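Below is one structure, written out as structure tokens; comments come after it.
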Amino acid sequence: MILGVHVSGAGKIYQALDIAHSLGCDTMQIFSRSPQAWRHGSQIAPEDIKEFICRRKKYKINPVFIHVSYLINLASPEPRLYQASIQAYIEDILEADKLGADYIVTHMGSHKETSEDAGIKRLIEALNIIIEKTKDSQVGILLENTSGSGSWLGYRFYHQHKIIKGIKVKSRVGLCLDTAHAYLAGYNLATKSGLDKMVDEIDEMAGTKLIKLVHLNDAAGELGCHHDRHDHIGGGHIGLAWMKRIINHPKLKNIPMILETPKTTLDSDKDNLALVKKLGAK
């Protein structure tokens, strides 16, 4: 099992590695910038990048995932936001390259009440521009499924299928499977038939081999409610028994897993990690 958590990037970015190591993580996910703020160019000092690379090697944290800003919307019909999102995404990939990160994780954007097809078309065009502008980068782009709130894309895996089909350099693109988002979007992962249906659908639409990351979260909302709310492992509507089945699913168990569970107390990450390791050992 390759297991880790989303770690705060507050303070010096290399300090996130110290936290991940102290929790016994094999892998980790971070924001390389504030998720609720725009920026222009890299804001990480060269000496901090060097220290990040050094500590990652020391702690053997692999792979490293960077989650893009929540402000980025590559499906937006609003020209200024659309162009700003493309530029910010390019900057994030270039910075991920400097840090030696392996993948960048993105929500698939909101079509803002235009249409799903129009939003998907804009997203494809944006990703092709981004990939061309970062053609020397080895950083992979992971499309994360969503809970489907509002006009967000990605709540059904045929969205990912359409997007990947339209990408010119397909080797740069993979999937991030978020278990809470899937449940909240209507995939009943608390039943064998529901879990099998989701995995079969991914296989048919894109291929489970494209899943490079699992966001392992229980769901605080009810099945199909479309509200993006995560819960502690076993504490939500998916439940402990079915989280165990997800963790040990033959097509998922060898994929890196990142917890994005609530940080209710200082020990929340430690407790959730320990529980997942226990479930994975049985």
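Taken together, the values in this text are just the output of simple stated rules run on the coordinates, not laboratory data. The shown structure was predicted, so the numbers you read here are calculated from the model rather than taken from an experiment. Cβ: placed from backbone, ideal geometry, glycine included. Neighbour counts: every protein chain shown.
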Using the beta-carbon distance between Y158 and L71 and R0 = 22 Å, what value does 1/(1 + (r/R0)^6) give for FRET efficiency, to the nearest 0.05? 0.25
Between N145 and residues 5 or more places away or on another chain, which pairs have amide H atoms under 5 Å apart, with H built 1.01 Å from N, and which residues are they? C176, D178
For I53 and S171, compute 0.36 nm times the residue count separating them, minus their Cα-Cα distance, and round to one decimal in nm. 40.0 nm
In debye, nearest 20, what is the charge dipole magnitude of the range 115-155 about its Cα centre with +1 on Lys and Arg Cβ and -1 on Asp and Glu Cβ, if you could check? 80 debye
Given charges at beta-carbon only (K, R positive; D, E negative), |dipole| of the range 45-141 in Debye: 400 debye
Could you line up S110, S76 from fewest to most neighbouring Cβ atoms inside 10 Å? S110, S76
I want to make sure I understand the PRE zone here: with the label point 7 angstrom from the Cα of Q87 toward its beta carbon, which residues in the range 100-137 have backbone N atoms less than 15 Å away? 130
Cross-link table K112/K212; K135/K244; K112/K244; K58/K253; K12/K209, entries beyond 30 Å C-alpha to C-alpha: K135/K244; K112/K244; K12/K209
For labels at T265 and D136 in the simple 7 Å Cα→Cβ model, what's the distance in nm? 5.0 nm
Length gained when the stretch H227-L240 is fully extended (0.36 nm per residue, less Cα-Cα span): 2.6 nm
Under unit Cβ charges (Lys, Arg +1; Asp, Glu -1), what dipole magnitude, rounded to 20 debye, does the chain have relative to its Cα centre? 700 debye
Arrange L71, L127, L279 by Cβ neighbour counts within 10 Å, fewest through most, would you? L71, L279, L127
For S8 and A281, what is the calculated FRET efficiency with R₀ set at 30 Å and r taken between the beta-carbons, to the nearest 0.05? 0.60
With the crude spin-label approximation of a point 7 Å out along Cα→Cβ, what separation in nm comes out for D196 versus K253? 1.8 nm
For the range 226-282 and the range 80-150, what is the separation of their C-alpha centers, rounded to whole Å? 27 Å
Only one of the values [x] 45, 45, 30; [y] 55, 46, 37; [z] 64, 45, 40 was calculated from this structure for Cα extents along the principal axes in Å; name its label. [x]
Once you put a point 7 Å from the Cα of A45 and another 7 Å from the Cα of K112, both along the Cβ direction, what distance in nm separates them? 3.8 nm
Ranked T114, T146, T27, T179, criterion: other C-beta atoms within 10 Å, fewest first: T114, T27, T146, T179
